[in-house]
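One structure is given here, and the rest of the page talks about it.
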Amino acid sequence: MPDERKIENLIVIGGGPAGYTAALYAARANLEPLVFEGFQWGGQLQNTTDVENYPGYPEGIMGPEMMSQFRAQAERFGTRFVTDDVDRIELSDGGVQKVYLGDEEYLAKSIILAMGAEPRRLGVPGEMELGGRGVSTCGVCDGAFFKGQKVIVIGGGDSAMEDSIFISKYASELTLANRRDEFRASKIMQERAKEQPNIEFKTPFVVEEFVAGEDGKLGHVRLRNAETGGTEDFPTDGAFIAIGHIPRSEVVVDQVDTDEDGYVVTQPGSTKTNLAGVFAVGDLVDRTYRQAITAAGTGCMGALDAEWYLRDTPPSPEAHWLPGGEPTEVAPTPGA
Ligand code: NDP
């Protein structure tokens, strides 16, 4: 039997700034993209309050509202959405890309992976509850809200140093708490942080709990000395958790090239992965910048790369489709 199921031009996996921007560009190129945006669509911005650093919003905008607008703009040009989490993906090198939602199979000529990354969490009480009320995982996003205030940064890697240096421009006092006396961060970043007159290092301390004050915002952090076991309540206005990120590559990690931390590897200056027709964008590939604007930028690149791929790829017997045209019949399986 010939396989006459619909083969999409492009499936996008992910409903954050990268995925929606990819969808917008692809939709405007008449590719009619199908986006699997996840059950909790909107990505990390769904858990963000004020966004003040996205160009075009001089008064700032709430993260979820901004994502609604991204989504609506992609929808306006014909993007279709599936508001669910993908169960399985079968990537192909130049063939048909397959996406599964339970037993349902979706096929596409090309795919853009835009699943993002999530900040690593401490897993202690108060951490999630006080998110947006003093506890943050993004120094660049939220540092400026703590002008003249007291802030603690948790972590000992380059992100913690980078965040501390950035936030120390606003905060009056900044304490960098690390669970070990040694720091994982590069020497140069440690030196730079130490040079700031308002940054103090506090080791070896782990966070036991984030505790609200009477106003419902973060009041203090309960710290435990990792050596002596002694605890102390550390009063602070803001706490930044900077202990790394986890790329959401679990559904594709054995199929496409990733680095040792699970970030999908793309060719420099492009969104191409090692598989033809498979593109990756946003925080899923980015361990450095991780901003909504940079994610959106690479989302745009992904859509253009996919468009050019669909235009230029010659028909292949394995792919079962003609670029820009309707799916052809599947060649009969030998012996069937
Ligand atoms: P890293 O994995 O390098 O560092 C994570 C830090 O968090 C470590 O100090 C680690 O402690 C600590 N940590 C992890 N889990 C916990 C926990 N549960 N409780 C307390 N502390 C914890 O992540 P980064 O995000 O800092 O950096 C990731 C990569 O990005 C690195 O390669 C880094 O060099 C790079 N980067 C470079 C920058 C630059 O050059 N400007 C800026 C930002 C990142 P421990 O050491 O004990 O495991």
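Side notes on the structure shown:
- Per-region count, segment 150-181, residues in contact with a strand residue (DSSP E or B) (Cβ under 6 Å, 6 or more places away or on another chain), more than 15 Å from the ligand (Cβ to nearest atom) and of a type outside the set (Gly, Ala, Ser): 4
- Of residues in segment 100-125 being of a type in the set (A, V, I, L, M, F, W, C), closer than 19 Å to Lys272 by Cβ and assigned to a strand (DSSP E or B), the one nearest to the ligand (Cβ to nearest atom): Leu113
- Of the strands (runs of 3 or more DSSP E) contained entirely in segment 224-336, not one carries at least 3 residues that are modelled with pLDDT under 90.
- On the stretch given as segment 185-208, residues that are more than 20 Å from Val124 (Cβ to Cβ) and either in a loop (DSSP other than H, G, I, E, B) or within 14 Å of the ligand (Cβ to nearest atom) (or both) total 13.
- Qualifying residue in segment 250-268 (condition: buried (at least 17 other Cβ atoms within 10 Å of the Cβ) and in contact with a Gly (Cβ under 6 Å, 6 or more places away or on another chain)): no
- Scan segment 246-275 for residues that are within 16 Å of the ligand (Cβ to nearest atom) and under 21 Å from Leu304 (Cβ atoms) and the total you get is 2.
- Hits in segment 130-149 - residues which are within 12 Å of the ligand (Cβ to nearest atom) and either among the basic types (Lys, Arg) or modelled with pLDDT of 95 or more (or both): none
- Sole residue being charged (D, E, K, R) and not in a helix (DSSP H, G or I), chosen from Glu59, Glu65: Glu59
The values are calculated or read from the model by the stated rules, or taken from the named source; none is laboratory data. Model, not experiment: these values are computed from the prediction. Neighbour counts run over all protein chains shown; Cβ positions are idealised from the backbone, glycine included.
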